[in-house]
Amino acid sequence: MCVCLFQYMSGFGNEFSSEDPRCPGSLPEGQNNPQVSPYGLYAEQLSGSAFTCPRPANKRSWLYRILPSVKHKPFTSVPCGDLTENWNEVEPDPNQLRWLPFTIPKATEKKVDFVAGLHTVCGAGDAKSRNGIGVHPAFLFKFSFLCVSLCLFVCAVPQQGEILITTEFGKMMVEPNEICVIQQGMCFSVDVFGETRGYILEVYGAHFELPDLGPIGANGLANPRDFLCPVAWYEDRKVPTGYTVINKYQGKLFACQQDFSPFNVVAWHGNYTPYKYNLKNFMVINCVAFDHADPSIFTVLTAKSTRPGVAIADFVIFPPRWGVADHTFRPPYYHRNCMSEFMGLIKGHYEAKEEGFQPGGASLHSIMTPHGPDVDCFEKNSTAELKPERVAEGTMAFMFESSFSMAVTKWGLHTCQKLDKNYYQCWEPLRSHFNPNWKPGKQ
């Protein structure tokens, strides 16, 4: 059993250092690349940014491993299944879209590994130019698989079932209501312990960052100390059948074989690491006077574009909080947005649509597609007594918001057979309340 048993170091983007306690002194002292590393290890740098990036944006880690990652057989192409970057396989669909909970394979069915369990539902952009995103519901049962990603940053959001993620940097146990980020180029495997479902946001180029706080001040939202990265753990193991490493490169999948464990890093240091975060630690900012604040106040992580204030992708949550606004329709307002909004529900009932939007399902409101509360939510909250109340208690909804106009895949529109074709009907009963004789002071 691993000696770390899920120990972590806290901080976001810190300069970390860690060595497996079975090999004390395995980190070189005073330099990165000695002529002979302690314990006869190989020194290998993993660069997450260009060498010449300014220091605040420069990302790299040094790994000290039993064998270097370059030792493997040639990569060969493997089927991609429902993982795709073909955004033109079906005609565009500007409608409001909602999916019922995606089906999880049962124990009696064929076991599904992590890679085969990925199904692209929507996305945009191009991996070759390293500018774009993909959204992949993930569902699998009782299996693990190795995967190295050379063109993407992954934000994983488990909805059902905990997942054990083994990386070159150590191990992380990630449970529902937590997220984890696996950064470009990092080798990892996924183990599950039963029926498992979640959501994957893939970003082709930019790093996730904490959003700027501006006048909020020095503290709030997702605080850096609550992010956790693993401690060093290694295995020195060979298996007769070899290890299969899957590489996602330029939108396609490739596999190679090697006879030693990829998780042979005895020590490491740097600021380019995988990490996880528990959403319960989010320090919620909300309106305390009137009006419904914009959802950007619930941003956990952002992957910035080159345009100031515009994100390639924001990861936003809608956590439990107090609602106290006076003279206000408190649920989310009716909206048309210059951004695409993909939403998922981890648990509970989303306040704007308590029926129909279910845990394990999803919705997509594309650029400038109108959306907002259903008729029941509107009628109830237009006449509700405005007293302090808990909102979204026992609930966690999230949103992947993007400046890209995301295309829906053939799998998302047809193959998955989970598209709720009656979604639009939740707004059909909305009626006019217009009163041309209205006077100030009258309801």
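For this structure, a couple of remarks:
- The label point for E162 and the one for N14, both projected 7 Å from the Cα toward the Cβ, are 2.3 nm apart.
- If you plug the beta carbon distance of S405 and A289 into 1/(1 + (r/R0)^6) with R0 = 25 Å, you get a FRET efficiency near 0.10.
- Cα-Cα pairs of the chain separated by more than 31 Å (percent): 43 percent
- Centroid-to-centroid separation of the range 1-80 and the range 154-202 [C-alpha atoms, Å]: 20 Å
- Solvent-accessible area, 1.4 Å probe, carbon plus sulfur percent, for the range 284-420: 54 percent
- Taking all C-alpha pairs of the range 30-137, those more than 22 Å from each other amount to 62 percent.
- Placing R0 at 30 angstrom, the Cβ-Cβ distance between Q358 and L210 gives a FRET efficiency of 0.45 after rounding to 0.05.
- With a Förster radius of 35 Å applied to the C-beta separation of F434 and V310, the computed FRET efficiency comes to 0.45.
- For the chain, built as a Gaussian network whose Cα springs stay under 10 Å, the top-fluctuating residue of Q184, Q35, Q159: Q35
- Counting only heavy atoms of the protein chains and using a 1.4 Å probe, C187 has close to 10 Å² of accessible surface.
- Too-long pairs where the Cα-Cα distance tops 23 Å, listed order kept, from K380/K421; K248/K347; K353/K421; K106/K238; K276/K418: K380/K421; K248/K347; K106/K238; K276/K418
- Choice from K276, K110, K410 showing the highest fluctuation, given a GNM over the chain with Cα pairs closer than 10 Å: K110
- Of the two radii for the range 284-420, the radius of gyration is 0.97 times the Kirkwood radius, both from the alpha carbons; that is the Rg over Rh value.
- Taken per residue, the accessible surface of the chain reaches 47 Å², heavy atoms only and a 1.4 Å probe.
- When you filter the GluC sites (Glu not before Pro) in the range 337-378 for DSSP loop state and at most 12 other Cβ atoms inside 10 Å of their Cβ, you are left with E355.
- For the range 284-420: relative contact order, % (alpha-carbon pairs under 8 angstrom, 6 or more apart): 30 percent
- Extension gain, N219 to R336, is 39.0 nm, computed as 0.36 nm per intervening residue step minus the present C-alpha separation.
- Mean-square fluctuations from a GNM of the chain, with a 10 angstrom spring cutoff on Cα atoms, peak among N86, N14, N219 at N219.
- Cross-link reach list, aspartates and glutamates versus K128, counting only Cα pairs under 19 Å and skipping chain neighbours closer than eight places: E85, E89, E202
- For the chain: relative contact order, % (alpha-carbon pairs under 8 angstrom, 6 or more apart): 20 percent
- Percent of Cα-Cα distances greater than 17 Å, calculated over the range 148-244: 61 percent
- Sorting H207, H72, H365 on solvent-accessible area from highest to lowest, probe radius 1.4 Å, gives H72, H207, H365.
- For the range 185-305, the spread of Cα coordinates along the three principal axes comes to 66, 33, 31 Å, biggest extent given first.
The values are calculated or read from the model by the stated rules, or taken from the named source; none is laboratory data. Note that this is a predicted model, so its numbers are computed, not measured. Neighbour counts run over all protein chains shown; Cβ positions are idealised from the backbone, glycine included. These area figures cover heavy atoms from the full protein model, side chains too; ligands, DNA and RNA do not enter into them. Shrake-Rupley method; radii C 1.70, N 1.55, O 1.52, S 1.80 Å.
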